[in-house]
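Shown next, in C-alpha cells, is the structure this report addresses.
The values are calculated or read from the model by the stated rules, or taken from the named source; none is laboratory data. This one's a predicted model, so the numbers in the text were calculated from it and none came from an experiment. Areas reflect the complete protein model, heavy atoms only, side chains present, ligands, DNA and RNA absent. Shrake-Rupley method; radii C 1.70, N 1.55, O 1.52, S 1.80 Å.
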Amino acid sequence: MNATGGISLTAEVLASALPRIHEFRDKIVVIKYGGSVIEEKIYGDNILADIVMLKLLGVHPVLVHGGGKAITNKMREADIQPKFIDGLRVTDRRSVVIVDKVLNKIINPEIVHGIEQQHGKAIGISGKKVIGAKKMFHVTAAGKKVDIGFVGEITRVNKAPIISALKRGLIPVISPLGRGANGQAFNVNADVAAAKIATALKAARLIFISDVNGVLEYPEQPDSTIPKLIEVEVEPYIQAGVIYGGMLPKIRSALQALKDGVHAVKLIDGRISHAVLLDTLVEPSIGTEILLEARPEPPAAK
C-alpha cells in the first residue's frame, strides 16, 4: 500500500470511530491494568498512550492497577513463599506491609509518571482512601471456609476522591488496597476492586487488561478466544477447567458489575497494539465480552 493509501485508511478508521466517540464522551470508563503488561515498558507505554488519548477525546478513564508479579518478587526477597487459593493471594501480616509498599510506593507512582510522559495528567490514589473493607474468608468450590489472612472483602467505595480528580481533569490511578474499620490495611483483589469502583461510578464500560486475549476455550491455544461469554456458560466452563485461577475473580466480578448497572465489560490483551482504543472506539472482535444473557442475532439480509 502506498503512503496515500495508508493515510486514507487511517482517516477512514478515525471517521468510523466518530459514533463511538460520541457514545463515550463525558462517560466514565474504568480500566483494570494488570498481568505481565504492567511490567513491560513496550506494552505499558502503548496502553497509557491509549488512556491519555481517551481523555483527550472527552472520555473519563479511571485506572485500577494490579502488581502481582512485583509483589511476588518482593515477598520472595523477604523469604516469604507466595501462596494462592482460587486466584486469591494468601496475605499474612508481613505480606500485607509488602503489598502496601509495592503498590503505593513503587507501581502507582510509576504509572502516574508513565501517563505524564505521554503528556497526560494523572494522580495516584491509594485504595485505602476509597475502598472500605473487612476481613474476608474464602469459600472453596467444595464449600470449605479458608482463612487467607489480611485479604479484604470490599464493603463500600468512597467515590468522592475519584470524582474530584476527574473534575480537575486528572486521570485517577488507584491501587487495590482497602482499609478496615480499625485502620488495618487489607489486600484487595484488583479485579474485584475495579468492578466495585466501576459500579460506584456508574461506569459506561469496564475493561480488564491482561496478558491473555480474554477467556480461552483451550487455555494452551492463545488463538482460541471465546468472543462472547454469557452467565449460564460460566459454571460449565469452571467445571471444565476453562475458567480457573486468576480468571475466576475477573469473571465473577464482571458478572456482578453488569448486574449492578455497569453497561459493558470486556477482557482484552494489552499486548495487542492500541488495544484500549480499538476496543473502546472501533469495537473489533478482540478479547471476550461478558454478558448476562445472549443478545439476539440481527436479522439476516434479504
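A few comments on the model shown:
- Length gained on full extension, K144 to R76: 21.7 nm, using 0.36 nm per residue less the C-alpha separation.
- Across T91, T140, the residue with the most accessible area heads the list, and the full order at a 1.4 Å probe is T140, T91.
- Carbon and sulfur %, accessible surface of segment 25-164 computed with the full protein complex present, 1.4 Å: 53 percent
- Under 17 Å from the Cα of K55 - lysines, other chains or at least 8 residues apart: K27, K32, K121, K167
- Members of K83/K135; K41/K105; K128/K250; K83/K228 lying beyond 23 Å, as alpha-carbon distances in this model show: K83/K228
- Computed with a 1.4 Å probe over protein heavy atoms only, the accessible area of Y237 comes to about 50 Å².
- Solvent-accessible surface (1.4 angstrom probe) belonging to M75, in square angstrom, nearest 10: 0 Å²
- Acute angle (nearest 10 degrees) that the helix 68-77 long axis makes with the longest principal axis of the chain, alpha-carbon atoms: 30 degrees
- Accessible surface for the chain, divided over its residues, is 50 Å² per residue with a 1.4 Å probe.
- I171 long-range amide H proximity, modeled H, under 5 Å: K121, A122, I123
- Helix-derived mean residue ellipticity, 222 nm - over the chain, DSSP H n ≥ 4, -39500 (n - 2.57), to 500: -11000 deg cm²/dmol
- Segment 258-289 and segment 104-182: distance between their alpha carbon centers, rounded to Å: 21 Å
- Read-out Rg and Dmax of the Cα atoms in Å, derived from the coordinates shown; its label in (i) 20.8, 73; (ii) 17.7, 56; (iii) 19.3, 67: (iii)
- Fraction of accessible area attributable to carbon and sulfur, segment 228-284 (%, probe 1.4 Å): 55 percent
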